[in-house]
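Quick notes on the structure that follows.
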Amino acid sequence: MVHYVLLIVCAVAIYLSCEWFVNAVEWLGKRLNVAKMAVGTILAAFGTALPESVVTLIAVTTGATAEARNIGVGAALGGPLVLSTVAYGVTGVALLLKRRKQRGPARSGGPPPGGPGGPQLGDEKDMRRLAKDQTWFLPIFMVKVALGLVAFAFKPVLGLLFFAAYAVYFWRETRGGQNGEDDDEELAPLKSQRGAASPATWAVVAQTLAALAVIFFASQLFVKQLDAIGPMLGLSSAVTALLLSPVATELPEIMNAIIWVRQGKTQLALANISGAMMIQATVPSGLGLLFTAWRFDSALLWAGLVTMASIVYLLLTMRAHRLTPARLAVAAGFYVVFGLGLIPLLG
């Protein structure tokens, strides 16, 4: 019973701290004068993915056995899988619920604009940007999976290339310029300085770091509760590690997306997910290549294939300018496929 209570408490703590985090990170982006979308792809994504990367670093460098170090390899595959399926899917569902609530009594009886899935998520420029992020991610991820299937002497050195790939992405995002439409959008008051029209920089930084600290510790406690609850539900440790734990570690990104959708900032929500995916595809992978054998078993390979299938689906939908909340929600179905595929692999 205690584990279930702690699980709920941690989930609430993560959500509330994410509200403080997104509030602070928007002000931080304004202080650093970065492009609006870079707030999502760089600042928010880096902040929420950093704790997970630290966990991966500790696992691959201090693990007493090869099996312990390979936990970091699993995390490097699980993160992108959850982001490309569950995170996008939950965002789509949140958009559907929000738009249904907005239509409410005012619904005229006709179908929503853009078809049964609702209007597309952004104009042609937005779709090009979203597709570009996925185009960056897909080849990097494919190389990452391919390296898990082969062995050669200088493979660890290739880990440095993944760090370089993220450095290039970081440079592109921060140099991307402002979007031009909502640059002067009034931000909500900083929660720790509600009475200040323009909060002090130290308060912005302090709130960002404090929220991240709560997110980090609450997320780790959340994962531990899942590890304890899994066997109670009759789930093996392998299923818990591959199916439930990755969702828990990506919970902050999912919460950020829900909060931004609720605030009407859909593009920031999607940018946060795509930016976190780029970090998860590069930084943990680089660490894994440098400090482990980086060899995949059938379950990890299956995770990689499902992730690529989800990204191909999203990329094709974005390039056709047909991305709607309903089609975005479909991405969550790929995680269901992943779970079903684990049954024969781990059985």
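Nothing in this text is a laboratory measurement; each read-out follows from the coordinates by a stated rule. All values derive from a computational prediction rather than experimental measurement. In this analysis, Cβ positions are derived from the backbone assuming ideal geometry, glycine residues included, and neighbour counts consider all displayed protein chains.
Quick notes on this one:
- Placing +1 on the Cβ of every Lys and Arg and -1 on the Cβ of every Asp and Glu, with no other charges, gives the chain a dipole of roughly 540 debye about its Cα centre.
- Contour excess over end-to-end distance, with Cα ends at Gln193 and Phe152 and 0.36 nm allotted per residue: 9.3 nm
- Considering only Val283, Ala24, Ala87, and ranking their Cα positions along the charge dipole of the chain that arises from unit charges at the beta-carbon of Lys, Arg, Asp and Glu, the one farthest toward the positive end is Ala87.
- For the pair Glu186 and Thr174, the difference between a 0.36 nm per residue extended length and the Cα-Cα distance amounts to 2.2 nm.
- Straight-line reach from Lys125: taking Cα to Cα under 28 Å and skipping same-chain neighbours fewer than 8 places apart, the lysines in range are Lys30, Lys36, Lys98, Lys101, Lys265.
- The long axis of helix 298-319 is offset from the longest Cα principal axis of the chain by roughly 30 degrees.
- Using alpha-carbon coordinates, inclination of helix 266-291 to the longest axis of the chain, degrees: 20
- Computed per residue of the chain from DSSP H runs no shorter than four, each worth -39500 (n - 2.57), the mean residue ellipticity at 222 nm is -23500 deg cm²/dmol.
- Comparing Gln120, Ile343, Trp202 along the charge dipole axis of the chain, the residue lying farthest to the positive side is Gln120, per the Cβ-charge model.
- Longest segment of the chain lacking GluC sites (Glu not before Pro) that sit in a DSSP loop with at most 12 other Cβ atoms within 10 Å: 1-180
- Taking every alpha-carbon pair under 8 Å whose residues sit at least 6 apart, the chain reaches a relative contact order of 44 percent.
- In plain terms, the C-alpha convex hull of region 231-306 casts an average shadow of 6.7 nm² when viewed from every direction.
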